[in-house]
Structures are given as structure tokens and as C-alpha cells.
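Asker: Got a structure here, written out as C-alpha cells. Questions coming.
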Amino acid sequence: MLAIAYAVTAVLVLFPDAVPLPVFPFLTALGTLLISVLAYADGVPGSPYGLLYVWVALYSFYFYTPRTALAETAWVSVAAAAELALRGGAMAPVSIWVLITGTSVIGGLAIRQLVTQVRHLADRDGLTASTTGAGSTRSWNATCAAPRGPASRSPC
């Protein structure tokens, strides 16, 4: 499993454009599975590797659509429950699962809210509070990239 993680990492670093965007959620799910294997192999009840599940949710809510992020978080919840059940059997600590799942969901939703607010603010002019939108940014960039003579009154 570790060899798979290193191989995926090498491909992503060496050939970043080789992996299509729709593949990334599957890679995130594979990372969740790797976290489960690490936490199980650690053998310690309440393994610190369980904290890595939260990063999966934070990453998902930042980069993916809300639907995909919720699916990733649901997979985190299932994977954490399976890992805890395999290690602890019927006596698996439900409190650890609740902490992993709850922190992943709440942290992820907080990240999603922050991303939404930042995107909203990025589309507003700080001085006039008017909406700029991506189209305005593109036209501004096109205006500033156009060649100008020495007497130009361009704002760029």
C-alpha cells in the first residue's frame, strides 16, 4: 500500500498535468484507505493516524464540490468505523469514531464556508463594493495587455 502511495505521489509531482481532474476524488479515497491501513497497523487504540482523516475532509471541502466533499467525508466515516471495528471488535470505541466523523464534518463545513466567503469577497471591488466578476477581471487583463503608445491614458 505504501508503494502505491509513493507511486501516485511521484506521478502527481513529476507529471502534474497527466492526471485528469475527475480522478482526484478517487485518489483522495485511496488516501483514506491508506490512512485506515496505517491506523490499523499501528495497533494502538486511538492511533494518532486517525487525525489524518480530518485532513481528507478539509482538503475535500476546499477543492471539491460540496457533493463530492460530502461523499469523501462519508467514506472517511465508513473507513474509520471499519478500522476501529477490525481493531476493537464489538468493543470498538465509538467515541473515537464520533470524534473523527464529527471533526471531519464540522471542519469541512467551516472550510467550505470560508472558501465561499473569500470567493465572494474576491468578486467585489474593495472601494466601491460593486461586483467585479471574472468577466471584468478578464477584460481588465486584456486592456492592460494591449500595446499602448507613449501618449496612452490607460489605467494600467
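Asker: Within the range 35-73, name every residue whose backbone N is under 19 Å away from a label modeled 7 Å from Cα of SER95 along the Cβ vector.
Answerer: The answer is 44-51.
Asker: Can you list residues whose amide H is under 5 Å from ARG124's amide H, if they're 5+ apart or on another chain and H is modeled 1.01 Å from N?
Answerer: Here the answer is THR132, since their amide H atoms fall under 5 Å of that of ARG124.
Asker: Using a simple spin-label model with points 7 Å from Cα along the Cα→Cβ vector, what separation in nm is obtained for LEU33 and LEU109?
Answerer: The two pseudo-label positions are separated by 3.0 nm.
Asker: On to the next question. Figure the gain on full extension for ASP123 and ALA71 (residue separation times 0.36 nm, minus the Cα-Cα span) and round it to one decimal in nm.
Answerer: Going from the current span to full extension adds 15.9 nm.
Asker: Moving on. For the range 13-69, what's the relative contact order in percent, using C-alpha pairs closer than 8 Å and at least 6 residues apart?
Answerer: 33 percent
Asker: For the residues LEU127, LEU2, LEU38, what sequence is obtained by ranking on other C-beta atoms within 10 Å, fewest first?
Answerer: So the ranking, lowest neighbour count to highest, is LEU127, LEU2, LEU38.
Asker: In whole Å, how far is the Cα centre of the range 1-21 from that of the range 60-101?
Answerer: Going from one Cα centre to the other spans 24 Å.
Readers should treat all values here as calculations from the given coordinates under stated rules, not as data from a laboratory. These numbers come from a predicted model, not from an experiment. No Cβ is skipped: glycine too gets one built from the backbone with ideal geometry, and neighbour counts run over all protein chains shown.
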